[in-house]
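Rule-based calculations on the coordinates, nothing more; no lab input. This one's a predicted model, so the numbers in the text were calculated from it and none came from an experiment. Note that each Cβ is placed from the backbone with ideal geometry, even for glycine, and that neighbours are counted across all protein chains shown.
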Amino acid sequence: MEKEKKTKSKPFKNWDDEEVAIEFGLKLLKTHFFIEYIDKVEPFTVSPVQETIEKLRETLKDYVETWNEDELKMMFISPFLRLADFVSPYYKVFTQRPMSVRYANDTLLTEGKVEFMLAKGLKNPKKPHFFIHEYKPEKRRDNDPLGQLLIAMVASQKQNQDNKPIYGVYVVGRLWFFVILDGSEYAVSKSYSAEDEEIFKIFAMLLYIKDIMEQLYQEI
């Protein structure tokens, strides 16, 4: 009688980006049309949202060195994302939701909680296509935020089975990085600082991604 294969599990938090790329056969591109486009997006400069963004920026400057991960999320990232208004009849915001995927002939499992995602569904996320991984300030980083974001994006890609790109952002203190997983290729933007005037460009990028999500979720 053949022995049943035991499933080994590796949590999202234990992955780094190189491990994800090797395990799932991903290729890191030096650039991608999405990364090139967002770099050309004009900064958002419309009041009164501009004034609110400026206040958040000043708060970040004052406290980013002392905030822990939860404080960074509550005091800056959450109100900043709220201004982008990710509310739509086509998708919903989900936070702290579990996700898992089996790989290597179902003998291995990777799983973890996703900080922020956009997906279809009311109670349970279906077909997530945008993730944000929020992380600690730069000086207290002990894991690989890109690896954790990328493994969640790969898990989503395998579950979705729709050949659509997966988009993501990871935040390290004041720095924001934009990521795309397109088939077996991925690309990462340069860092954008929310501590200076680039915060208005970051916000414009989020609005652009919001437009992408509106179109994508009307198609699937």
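Cross-link pairs exceeding 25 Å in C-alpha to C-alpha distance, out of LYS55/LYS210; LYS13/LYS55; LYS40/LYS123, comprise LYS13/LYS55; LYS40/LYS123.
Using DSSP loop states and a limit of at most 16 other Cβ atoms within 10 Å to flag trypsin sites (Lys or Arg not before Pro), what is the longest stretch of the chain containing no flagged site?
For trypsin sites (Lys or Arg not before Pro) (loop position, at most 16 other Cβ atoms within 10 Å), the longest site-free span of the chain is 31-122.
Extension gain, ASP211 to LYS120: 0.36 nm times the residue separation minus the Cα-Cα distance gives 31.2 nm. Our helix-only sum for the chain, with -39,500 (n - 2.57) per DSSP H run of n ≥ 4 divided by its residues, gives a mean residue ellipticity at 222 nm of -11000 deg cm²/dmol. Subtracting the Cα-Cα distance of ASN160 and GLU185 from their residue separation scaled by 0.36 nm leaves 7.3 nm. Cross-link pairs exceeding 21 Å between alpha carbons, from the set LYS120/LYS201; LYS120/LYS158; LYS27/LYS127; LYS10/LYS158: LYS120/LYS201; LYS27/LYS127.
Take every Cα pair under 8 Å in the range 8-219 that's 6+ residues apart, average their separations, divide by the length, and report that relative contact order as a whole percent.
29 percent
For q = 0.14 Å⁻¹, what log10 I(q)/I(0) does the chain give under the Debye formula with an equal point scatterer on each alpha carbon and no solvent? Log10 I(q)/I(0), no solvent term: -0.87. Expressed as a fraction of 2.2 N^0.38 Å, the value expected for a compact globular protein of N residues, the C-alpha radius of gyration of the range 30-108 is 1.54. For the range 90-99, 3J(HN,Hα) computed residue by residue from phi via the Karplus equation (6.51, -1.76, 1.60; θ = phi - 60°) reads 9, 8, 9, 7, 10, 10, 6, 9, x, 9 Hz, glycine and proline entered as x. So which residue, out of ASP39, ASP106, ASP85, gets the largest mean-square fluctuation from a GNM of the chain using Cα contacts under 10 Å as springs? Highest fluctuation among the options: ASP106. The antiparallel fraction among DSSP beta bridges confined to the chain stands at about 70%.
Using the Cβ-Cβ distance between SER47 and MET74 with R0 = 30 Å, the FRET efficiency computed as 1/(1 + (r/R0)^6) comes to roughly 0.75. Using a simple spin-label model with pseudo-atoms 7 Å out from Cα toward Cβ, THR59 and THR31 lie 3.7 nm apart.
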